[in-house]
Amino acid sequence: SQKIEQNSEALNIQEGKTATLTCNYTNYSPAYLQWYRQDPGRGPVFLLLIRENEKEKRKERLKVTFDTTLKQSLFHITASQPADSATYLCALASSGAGSYQLTFGKGTKLSVIP
Amino acid sequence: KAGVTQTPRYLIKTRGQQVTLSCSPISGHRSVSWYQQTPGQGLQFLFEYFSETQRNKGNFPGRFSGRQFSNSRSEMNVSTLELGDSALYLCASSLEGGSSPLHFGNGTRLTVT
């Protein structure tokens, strides 16, 4: 069956360090993958999209890699700050009847400790 | 530009009742998707509407239904509520669906007692 796993439910990291979050999937052939951030009591906010033919994408302090052989995406936040503390969700797009359907992982709660 | 607006923000219902949730997408967005979020299951896809037509549907029972109006506003309805329907219901809009990023509202917190 199809499965998306995010490496851990929670990750604690010291301010200034690089946070690395993992998203592994099985039995998918995703066309693309997205990462979202969710703060308590709020809806997820889109961060980055990476397509199956792209290896890496960057946006400011954020970097995403996508390895379709390993079936894995890594999400990096460099020079992490307490304001980066949130839950991060990966989402895979697979084709549905009429368009792509996004399936989300359960998320990793990141805490950046000052 | 105004974001995605969901109403009501909180709702308490009893088992057996039905409920209707509303979503106003970002102006110009034609695709509206609905998700259920619970601590145990995470975000689960309910359905997607595009130009008033349901384009995709997740694995939820027929008690969950939705519709989209000509102005792209969307509603979802849950009939014969069960305790397990207690969740955060999130609506997301995007320009065309497909690979377009989703813009989420802040959800409706439904509690079934």
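Please treat every number below as a calculation from the coordinates, not as lab data. Model, not experiment: these values are computed from the prediction. Note that each Cβ is placed from the backbone with ideal geometry, even for glycine, and that neighbours are counted across all protein chains shown.
Per-structure values
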{"quantity": "Principal axis box of the protein assembly as shown, alpha-carbon based, largest edge first, Å", "calculated": "49, 40, 36"}
{"quantity": "Counted charge near B:Ser94, where neighbours are those whose Cβ lies closer than 13 Å (Asp, Glu -1; Lys, Arg +1)", "calculated": "0"}
{"quantity": "Chain A, dipole about Cα centre (Lys/Arg Cβ +1, Asp/Glu Cβ -1), debye to the nearest 20", "calculated": "100"}
{"quantity": "Relative exposure of A:Lys109, A:Lys59, judged by other C-beta atoms within 10 Å (fewest first)", "calculated": "A:Lys59, A:Lys109"}
{"quantity": "Relative exposure of A:Leu74, A:Leu33, judged by other C-beta atoms within 10 Å (fewest first)", "calculated": "A:Leu74, A:Leu33"}
{"quantity": "Computed magnitude of the charge dipole of the range B:29-113 (debye, nearest 20; Cβ of K, R +1, Cβ of D, E -1)", "calculated": "60"}
{"quantity": "Relative compactness, chain A, computed as alpha-carbon Rg over 2.2 N^0.38 Å", "calculated": "1.03"}
{"quantity": "Proximal charge balance of B:Val19 [Cβ under 13 Å; K/R count +1, D/E count -1]", "calculated": "+1"}
{"quantity": "Charge sum, other residues only, whose C-beta stays under 14 Å from B:Gly40's C-beta, Lys/Arg counted +1 and Asp/Glu -1", "calculated": "-1"}
{"quantity": "A:Val64, A:Val45, B:Val112 arranged by Cβ crowding within 10 Å, fewest neighbours leading", "calculated": "A:Val45, B:Val112, A:Val64"}
{"quantity": "Cα convex hull of the range B:48-113 - mean projected area over all directions, nm²", "calculated": "4.9"}
{"quantity": "Per-residue ³J(HN,Hα) for the range A:70-81, Karplus 6.51 cos²θ - 1.76 cosθ + 1.60, θ = phi - 60°, Hz, x for Gly and Pro", "calculated": "6, 6, 8, 10, 10, 10, 10, 10, 8, 6, 4, 10"}
{"quantity": "Taking N as its residue count, the alpha carbon Rg of chain B over 2.2 N^0.38 Å", "calculated": "0.99"}
{"quantity": "Percent of beta bridges antiparallel (DSSP, chain B, rounded to nearest 5)", "calculated": "90"}
{"quantity": "Cα centroid separation - the range B:54-74 against the range A:24-74, whole Å", "calculated": "26"}
